[in-house]
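Below: the structure, in structure tokens.
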2 protein chains.
Amino acid sequence: MERRTRQRSALEELLGRNTGFRSAQQLHTMLRDEGEPVSLATVYRLLQSMAGDGEVDVLRSQESENRYRRCHRQEHHHHLVCRHCGHTVEVAETTVERWAARTARQHGFAAVTHTLELLGTCTACYTTPATATRSGNE
Amino acid sequence: MERRTRQRSALEELLGRNTGFRSAQQLHTMLRDEGEPVSLATVYRLLQSMAGDGEVDVLRSQESENRYRRCHRQEHHHHLVCRHCGHTVEVAETTVERWAARTARQHGFAAVTHTLELLGTCTACYTTPATATRSGNE
DNA sequence: TTCCCTGCAAAGCTTTTGCAGTGGG
DNA sequence: CCCACTGCAAAAGCTTTGCAGGGAA
């Protein structure tokens, strides 16, 4: 199965310390800065593999890049993401699910899935605007 | 302001005849096939301009490409898209909006926006599987 | 006559892939 | 001892951009 390599361990460890969504390139740079260099291609391969196993959540950002984040719950859920610092709250709710199912039925659609992301400004960022562009954890 | 060129007219006319989301490349091909060739770069520039004016809706597809569709209502709304034929239903509802606002408040987030897309199989496509891969209108 | 718009080709971005070498089990 | 995994570099999409010519107003 999956081999426990230095690269995979380093990436998992890094993801474990972050609560926000990061791009593959950001993760690649962070690893390099921490003295645990991993080639960009490998970062992509690892993230792809992890996403397949449900280890990370993938977010299609407004820009044309994907962002990844350690997945903390297996059940279906959504994300409330801070647009400034990337801090994320996982939201498990059935309101939207029920609405989606009802709407689909009304229009005769079957096998309906949905994607939903909430983007806003978290308390920390609108309380202390100066730190709004920080790129660290949380 | 905006000049009424052959290219812009052709694209608007084409979008007006379609109810589904199409990629820039698809639109480019369709125009070419109709004998109204428009360069791909221009298709992109026109779509970008139209999206800015709210003339078209932009959908970030699962693949790494954007898809465009003529926008029929100005108010905030969501889309129920058929994954086979691209047929789209615009859904204006407040259930999700109210839920999003409530959730954001609970977690101390401000200025929250959301993206929501419903993807399924429309009646026509699961009734007649043979036509499930058609690429035409509707 | 302007100067906005277009076409072409080249470049930019993120992401994927081919290939040969290496380290995990 | 294998062969999955890695790094490198090239390639593959989609999209944007520089530039010079052409057409709308």
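Counting Cβ atoms of other protein chains within 10 Å of each residue's Cβ and taking the mean over peptide B:102-108 gives 6. In nanometres and ascending order, the distances from the B:Thr113 label point to those of the other copies are 2.5 (point 7 Å from Cα along Cα→Cβ).
For B:Arg98, the point set 7 Å out from Cα toward Cβ sits 1.2 nm from its twins in the other copies, listed from shortest up.
The mean number of partner chain beta-carbon atoms within 10 angstrom of a residue's beta-carbon across peptide B:81-92 is 2.
Helix A:40-52 and the longest principal axis of the Cα set of chain A meet at an angle near 40°. Hey, if you drop one equal point scatterer on each alpha-carbon of the protein assembly as shown and run the Debye formula without solvent, what base-10 log of I(q)/I(0) do you get at q = 0.06, 0.10, 0.12 Å⁻¹? The computed values of log10 I(q)/I(0) come out as -0.23, -0.65, -0.91. For A:Arg67, neighbours were defined as the other residues whose beta-carbon sits under 10 Å from its Cβ, and their charges (Lys and Arg +1, Asp and Glu -1) total 0. Legend: ranking of residues B:Cys85, A:Cys122 from fewest to most surrounding C-beta atoms inside 10 Å; resulting order B:Cys85, A:Cys122. Computed about its Cα centre, the charge dipole of the protein assembly as shown is approximately 80 debye, with only Lys, Arg, Asp and Glu carrying charge at their Cβ. A:Gly52 label point (Cα plus 7 Å toward Cβ) to equivalent points in the other copies: 4.2 nm, shortest first. Relative to one another, the C-alpha centroids of segment A:92-106 and segment B:1-69 are positioned 32 Å apart. For the segment B:52-60, counting C-beta atoms of other chains within 10 Å of every residue's C-beta and taking the mean gives 1. Which angle from 0 to 90°, rounded to the nearest 10, does the C-alpha axis of helix B:6-16 make with the longest principal axis of chain B? Between helix and principal axis, roughly 50 degrees.
We did not get these values from a lab; they are worked out from the coordinates using the rules stated. Everything numeric here is computed off the predicted structure, so don't read it as measured data. Neighbour counts are summed over all protein chains in view; Cβ atoms, including those assigned to glycine, are modelled from backbone coordinates with ideal geometry.
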